[in-house]
Amino acid sequence: MTNVSSILTLALRIFLPTFFIVFYGLLMTVSLFSKEEYIASLPMSYFRIFSITMFFATLIIIYFTVFKLRRVELDSNTLFISDYFKQAKYPYQNIKNIEEHNYMLFKTVTINLEQSGIFGNRITFVPSGRRWPKYKIKHPEIQNLIASK
C-alpha cells in the first residue's frame, strides 16, 4: 500500500483549523470583553463586528476547502481513503476518472467515484510530490483514468 497524499494534508486538515479556532477565537473573545473604546483609532464596536465577521467567514472557507481534503493510499487494486478518523476502501473499478489541478503553489487531485461512499463521490487530496508521480509510472492503469485538462 502506497500513501500518495502529501504530509501537508495532516497539517491542513487538523492543525490549521485547530490553531485558527484557538488563537483567532481568543483574539475575538478578548475584543468582545475588552473595556477599551478605541483600537488603533478605530471604534471598538467596529473592530468587534469585523473580528466576528472575519472569524466566521474564515471558518466557512476552511470548511468548504480544507475539510474536503482526504488521505489517499493506493494498493495494486484497491483505493483507501481516510479523513484521519474514518477509513473507507474502494476497488479500482469504482473509480470513474481522476482530475489533476495545478494552483501554482500547490496541486490537488480529485478522484471521481462511480458510486457514492461515506466520503461522497468526489475525493480530493494534495498529492505527494514524489510518491504520486512514481505511483502513476508504476501503475499505468491509473494513467488511463486521469482526465486530460
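Nothing in this text is a laboratory measurement; each read-out follows from the coordinates by a stated rule. What you are looking at is a predicted structure, and each value in this text was computed from that prediction instead of being measured. In this analysis, Cβ positions are derived from the backbone assuming ideal geometry, glycine residues included, and neighbour counts consider all displayed protein chains.
Worth pointing out:
- Partners for Lys136 among lysines (Cα-Cα distance below 28 Å; same-chain residues under 8 apart left out): Lys68, Lys86, Lys89, Lys96, Lys107, Lys149
- Debye equation applied to the C-alpha atoms of the stretch 1-47, log10 I(q)/I(0) at 0.13, 0.31, 0.33 Å⁻¹: -0.49, -1.05, -1.10
- Checking every one of the chymotrypsin sites (Phe, Trp or Tyr not before Pro) in the stretch 102-149 against DSSP loop status and a limit of 15 other Cβ atoms within 10 Å picks out Tyr103, Phe106.
- Mean Cα-pair separation over length for the chain, i.e. relative contact order, pairs under 8 Å, 6 or more apart, %: 26 percent
- Kyte-Doolittle mean at least 0.5, axial Cα span of 18 Å or more - DSSP H helices of the chain: 16-33, 44-65
- Here the stretch 56-149 is treated with +1 on each Lys and Arg Cβ and -1 on each Asp and Glu Cβ, and its dipole about the Cα centre works out to around 220 debye.
- Projecting the Cα atoms of Trp132, Thr53, Leu113 onto the charge dipole of the chain (Cβ charges, centred on the Cα centre) puts Trp132 farthest toward the positive pole.
- Kirkwood Rh, angstrom, the chain [1 / mean 1/r, Cα pairs]: 17.6 Å
- Only Cα sites of the stretch 69-149 enter the Debye sum here, all with the same form factor; the resulting log10 I(q)/I(0) across q = 0.20, 0.24 1/Å is -0.92, -1.37, listed in q order.
- Fewest neighbouring Cβ atoms within 10 Å first, the residues Val109, Val30, Val126 line up as Val30, Val109, Val126.
- Proxy reagent accessibility, fewest Cβ within 10 Å first, across Met104, Met44, Met1: Met104, Met1, Met44
- Residues Phe19 and His101, FRET efficiency given R0 of 22 Å [Cβ-Cβ distance, rounded to 0.05]: 0.30
- Fully extending the segment from Ile7 to Ala147, taken as 0.36 nm per residue of separation minus the present Cα-Cα distance, adds 47.9 nm.
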